[in-house]
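> Structure incoming, see below.
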Amino acid sequence: PAFMDILPLYIVLLGVLPLMLVFFRYAGASTLILSFALWLAAQILPNFDAPAYPGPDATWFFNPFAWQFLFFIGAYFGWRGIPDSRWYMNRAVVGAAIAIAAAGLIIKLSWIVHAFHDPYPALLLVQLADFMSKTDLAPVRFLNILALAILVVRFVGPRDKWLQHTAALPFILCGRQSLYVFCLGILLSFIARVILDNYYGGIVLQGLVTLGGCIAMIA
């Protein structure tokens with residue numbers, strides 16, 4: 001199942017992380033440049049992926065040479081801290097991030113609605129098809145993730161009062177127990193698929209199943 005494809009990537013990246021932290025300590029910039037080069041190679045070179053079982057032509061759904069760049073960027077800034085230059089506070093940078101995130105949200109919502117109601121137009125679906133590879137973490141996806149990260153760093157402070165509100169507690173708990181939530185989510189995904197396949201679930205049942213899964217993970 002598709003939701004199991006993340007596990008090999010997660011295991012490999014966690015296994016490499018201690019070595020990467022050593023590289024960050026002594027050659028941080030060079031290490032990130034090398035990581036970027038691997039991501040770029042995955043975008044340019046055909047079949048630049050890891051072999052998977054069963055062979056001979058099977059490859060990983062989440063290309064480790066591409067997704068490692070996103071993972072290690074997060075690891076680097078988590079280890080080093082947010083840069084002192086505060087370039088992410090620049091109005092132009094924040095404005096561009098807002099525009100990219102808003103465009104991504106609108107386009108994705110149009111695709112979701114189109115999947116349930118065919119006459120509704122799927123914005124730029126054809127034009128973006130070649131630039132949306134999830135397997136290789138295509139540039140459009142990567143740019144959208146970076147834009148969201150900039151907005152979080154800019155607008156969400158670790159000591160913001162609203163984070164101390166009761167309504168924020170479920171999100172904080174899930175974040176602090178992310179590995180347990182991830183593992184439970186895999187089990188719940190199997191259960192949800194069985195329910196939807198057996199009862200031919202439409203959008204209402206899908207919504208209820210999703211809500212039930214969220215409640216279970218928070219609990």
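> Tell me yes or no: at least one residue of the range 193-202 is at pLDDT 85 or above, surrounded by 14 or more Cβ atoms within 10 Å (Cβ to Cβ), under 23 Å from the mean Cα position of the chain (by Cα) and not basic (Lys, Arg).
There is no residue in the range 193-202 that is at pLDDT 85 or above, surrounded by 14 or more Cβ atoms within 10 Å (Cβ to Cβ), under 23 Å from the mean Cα position of the chain (by Cα) and not basic (Lys, Arg).
> Hey, among the residues in the range 149-162 that are surrounded by 14 or more Cβ atoms within 10 Å (Cβ to Cβ) and of a type in the set (A, V, I, L, M), which one's nearest to the chain's Cα centre (by Cα)? Don't jump to the end; show me each part of the working.
The first filter runs over the range 149-162 and keeps only residues surrounded by 14 or more Cβ atoms within 10 Å (Cβ to Cβ), leaving 149-151, 153-154.
Filter once more, so that each one left must be of a type in the set (A, V, I, L, M): 149-151, 153.
On the way: 149: 11, 150: 14, 151: 15, 153: 16 Å.
Once the filter is applied, the top-ranked residue is 149.
> Right, another one. Which of the numbered conditions does residue 98 fail, given that it passes all the others? Conditions: (1) exposed (fewer than 12 other Cβ atoms within 10 Å of the Cβ); (2) farther than 30 Å from residue 197 by Cα.
Evaluating residue 98 over (1) exposed (fewer than 12 other Cβ atoms within 10 Å of the Cβ); (2) farther than 30 Å from residue 197 by Cα leaves (1) as the failure.
> Name the residue, out of 176, 159, 154, 141, that is under 30 Å from residue 68 (Cβ atoms) and at pLDDT below 90.
154
> Those residues that are open to solvent by 70 Å² or more (accessible area, probe 1.4 Å) and either farther than 18 Å from residue 77 by Cα or hydrophobic (A, V, I, L, M, F, W, C) (or both), I need them from the range 30-47; list them, please.
Those that are open to solvent by 70 Å² or more (accessible area, probe 1.4 Å) and either farther than 18 Å from residue 77 by Cα or hydrophobic (A, V, I, L, M, F, W, C) (or both): 33, 34, 36, 44, 45, 46, 47.
> Here is a further query. Kindly evaluate residue 187 against the criterion of being open to solvent by 60 Å² or more (accessible area, probe 1.4 Å) and under 30 Å from residue 40 (Cβ atoms).
Answer is no for this residue.
> Keeping to the range 73-95, report how many residues are surrounded by fewer than 16 Cβ atoms within 10 Å (Cβ to Cβ) and either among the small types (Gly, Ala, Ser) or over 20 Å from residue 143 (Cβ atoms) (or both).
10
> So, one more: With the condition kept exactly as written, say whether any residue in the range 121-128 is open to solvent by less than 40 Å² (accessible area, probe 1.4 Å), on the phi > 0 side of the Ramachandran plot and either in a loop (DSSP other than H, G, I, E, B) or among the basic types (Lys, Arg) (or both).
Initially, the range 121-128 is screened for residues open to solvent by less than 40 Å² (accessible area, probe 1.4 Å), giving 122, 128.
Those left that are additionally on the phi > 0 side of the Ramachandran plot: none.
No, the range 121-128 has no match at all.
> Say whether the condition of being within 22 Å of the chain's Cα centre (by Cα) and acidic (Asp, Glu) is met by at least one residue in the range 47-56.
Within the range 47-56, one or more residues are within 22 Å of the chain's Cα centre (by Cα) and acidic (Asp, Glu).
> In the range 50-72, which residues are open to solvent by 30 Å² or more (accessible area, probe 1.4 Å) and either charged (D, E, K, R) or closer than 21 Å to residue 27 by Cα (or both)?
57, 65, 67, 70, 71
> Please give the number of the condition residue 123 fails out of (1) of a type in the set (A, V, I, L, M); (2) within 20 Å of the chain's Cα centre (by Cα); (3) over 28 Å from residue 45 (Cα atoms).
Condition (2) is where residue 123 drops out.
> Scan the range 9-21 and give yes if some residue there is at pLDDT below 95, within 30 Å of residue 197 (Cα to Cα), under 18 Å from the mean Cα position of the chain (by Cα) and open to solvent by less than 50 Å² (accessible area, probe 1.4 Å), otherwise no.
Looking through the range 9-21, at least one residue is at pLDDT below 95, within 30 Å of residue 197 (Cα to Cα), under 18 Å from the mean Cα position of the chain (by Cα) and open to solvent by less than 50 Å² (accessible area, probe 1.4 Å).
The values are calculated or read from the model by the stated rules, or taken from the named source; none is laboratory data. Bear in mind the structure is a predicted one, so any value in this text is a computation, not a measurement. Counting neighbours? That spans all protein chains shown, and the Cβs are built from the backbone with ideal geometry, glycine included. When the accessible area is computed, the model is the full protein with side chains, heavy atoms only, and any ligands, DNA or RNA have been set aside. Shrake-Rupley method; radii C 1.70, N 1.55, O 1.52, S 1.80 Å.
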